[in-house]
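The values are calculated or read from the model by the stated rules, or taken from the named source; none is laboratory data. Predicted model only: the values in this text are computed from it and were never measured. Here the Cβ positions follow ideal geometry from the backbone for every residue, glycine too, while neighbour counts run over all protein chains shown. What goes into the accessible areas is simple: the full protein's heavy atoms, side chains included, and nothing from ligands, DNA or RNA. Shrake-Rupley method; radii C 1.70, N 1.55, O 1.52, S 1.80 Å.
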Amino acid sequence: MTLSNKLSDPRLFRQYAYVDGKWTHGDGNREEAVFDPATGETLGHIPWLEPHQITAAVDAAEAAFVHWRALRADERCERLLAWYDLLQVHREDLALIMTLEQGKPLPDARGEVEYGASFVRWFAEEGKRTFGETIPSHIPNAALGTLKEPVGIAALITPWNFPLAMITRKAAAAMAAGCTVIVKPAGETPFSALALAELAERAGIPAGVFNVVLGDPPEVSRILCDEDRVKALSFTGSTRVGRLLLEQSANTVKRVSLELGGNAPFIVGPDMDPREAAFAAVAAKFQTAGQDCLAADRILVHESIHDEFVEHFAERMAALTVGNGLESEVDLGPLIHRQAVEKAAAIVDDAISKGATLVAGDQSQAPGENFFMPVLLTGVTHDMKIWHEESFAPVAGITAYADDDQVIEMANDTEYGLAAYLYTHDIRRIWKVLRALEFGMVSVNSVKMTGPPVPFGGVKHSGLGREGGVTGIDEYLETKYYCLGALGSVSGS
Ligand code: NAD
């Protein structure tokens, strides 16, 4: 049975790029197979576009920009809301596509569709509020102010772990601002992006406004970075690739937004109930099988409750089920591919070889070759890879600490600065630690922290700029200052 037969609406499964409102095959013979990571089955194939076809996408986005930016903000809002409605109508199909190509359990995929759609609605409305300002003039007889204008064409390069929401969080903001976009999704998960394109077309979003290009990642990215007509680049993915794209965008002096890796500390204060905190830490660690930039990578627990915390964590972790995301009651799906499993195993081996204790995690129980059973390590220290690298796998590492100053130092001991969690009810500790953490986002006593109203993003090597919130649209807007002079020099005034 092919993927399209599994969908209520088979036309949501597309095996072409989408450029200038047309489903496009590659002019060369290059293509890429897309696999179900749970079973290894081939779901379909995508073409790789040739360099001149990527340039054609830029041509299309350039032509469409003229008309799209000229629409009134409320007209763009209507189109985006129509897109939002279609995402809701087709959420089951979208979730199924996502589970098949990404592996996450179906309820999580439904959650991502909902989350992804919520950005479309948020930015549809936000586009109507891109206010400029009036500035009290210091120049005699002049009026000063600013206008907000769309930057132009935006290239959006996205990862496989959130194949739909990472696109809508960027594209909806850009399109609401009046920009046209060229999306380059991850090769592992192109079908969610292509389903978004099908629904954008049905929503009446004009040809050339939302394009999806497919191809060799370094080749496509290089063309988009070198293109002077592409004015903004927004990337979500690894810090390694983010650095590369920042460098490649220097020649054309692009507006660059980067949402990169994380290495979140999860700090548990001595006043916490160890069971409550352990259950929260399990939730913060194992979502999307640990393949999440917000995953609690370093769990730092006060020494006075460490042992009890570890017991509860292990108990809760043992209750997690691992399997195909299409099956009911599955908590963790597969990792994205075999290399991810190998990387996870290497990180665990490295930690054990340097003195960590393996409390739980028996890989012989894994239900398939891309699966990795949850692992719990204690005694994790600074010299281990797990301390510094994103494992991007269900590997939890716990470390005991003695006092607030020590845990602040431990938490900040990373090149990353995306998100941090803090569990304590002591208001003085909350304020002290919250202010000392070098992270873009700090969640206190809550696992859930994201959503359309919040400015999502990191500091240090976790990125540049913010997505979502009232500032998310600014990534796609230029501020034009105006000075209307000589107002008082007109005769008679
Ligand atoms: P990745 O950097 O390997 O790939 C991201 C995108 O870049 C994909 O579209 C890929 O095809 C493309 N790409 C890969 N190599 C490239 C190259 N050499 N030149 C140009 N483009 C290239 O990241 P990934 O493995 O897809 O995603 C996981 C990473 O994303 C993790 O580091 C995770 O923390 C991060 N992430 C961050 C956020 C955030 O909001 N900060 C959200 C999700 C994921």
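Table: residues versus (1) open to solvent by 40 Å² or more (accessible area, probe 1.4 Å); (2) part of a helix (DSSP H, G or I).
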position: ARG79; (1), (2): yes, yes
position: LEU94; (1), (2): no, yes
position: LYS104; (1), (2): no, no
position: TYR115; (1), (2): yes, yes
position: PRO159; (1), (2): no, no
position: PHE162; (1), (2): no, no
position: ILE167; (1), (2): no, yes
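Checked against (1) within 15 Å of the ligand (Cβ to nearest atom); (2) among the aliphatic types (A, V, I, L, M); (3) crowded, with 24+ Cβ neighbours inside 10 Å; (4) over 17 Å from the mean Cα position of the chain (by Cα), VAL220 meets all criteria but (3). Within the range 244-266, not a single residue is assigned to a helix (DSSP H, G or I) and among the small types (Gly, Ala, Ser). Of all the numbered requirements in (1) within 11 Å of the ligand (Cβ to nearest atom); (2) farther than 30 Å from ALA280 by Cα; (3) open to solvent by 10 Å² or more (accessible area, probe 1.4 Å), ASN251 misses one, and that requirement is (1).
Tell me the residue from ALA173, ALA232 that is under 24 Å from ASP59 (Cβ atoms), open to solvent by less than 10 Å² (accessible area, probe 1.4 Å) and in a helix (DSSP H, G or I), please. Walk me through it before giving the result.
Working: ALA232 fails: in a helix (DSSP H, G or I).
Of the residues listed, the single one that is under 24 Å from ASP59 (Cβ atoms), open to solvent by less than 10 Å² (accessible area, probe 1.4 Å) and in a helix (DSSP H, G or I) is ALA173.
Residues that are part of a loop (DSSP other than H, G, I, E, B) and more than 22 Å from the chain's Cα centre (by Cα) within the range 277-328 comprise GLU303, SER304, ILE305, ALA319, LEU320, THR321, GLY323, ASN324, LEU326, GLU327, SER328, listed in sequence order. Just one of the listed residues (ARG275, ARG243) is within 11 Å of the ligand (Cβ to nearest atom) and open to solvent by 10 Å² or more (accessible area, probe 1.4 Å), namely ARG243.
Scanning the range 173-192 for residues that are farther than 23 Å from LEU100 by Cα, touching a Leu at 6+ places or on another chain (Cβ under 9 Å) and within 15 Å of the ligand (Cβ to nearest atom) turns up VAL181, ILE182.
What are the residues in the range 458-472 that are more than 16 Å from ARG243 (Cβ to Cβ) and either within 12 Å of the ligand (Cβ to nearest atom) or not in a loop (DSSP other than H, G, I, E, B) (or both), if any? Spell out the reasoning first.
Step one: list which residues in the range 458-472 are more than 16 Å from ARG243 (Cβ to Cβ), which gives 466-472.
Passing the criteria: ARG466, GLU467, GLY468, GLY472.
Counted as qualifying within the range 385-446 are the strands (runs of 3 or more DSSP E) with 3 or more residues that are on the phi < 0 side of the Ramachandran plot and open to solvent by less than 40 Å² (accessible area, probe 1.4 Å), namely 395-401, 419-423. Based on this model, can you work out whether VAL183 counts as outside any helix (DSSP H, G or I), without any contact (Cβ under 8 Å) to a residue 40 or more places away in the chain and at positive phi? When the stated conditions are applied, VAL183 does not pass them.
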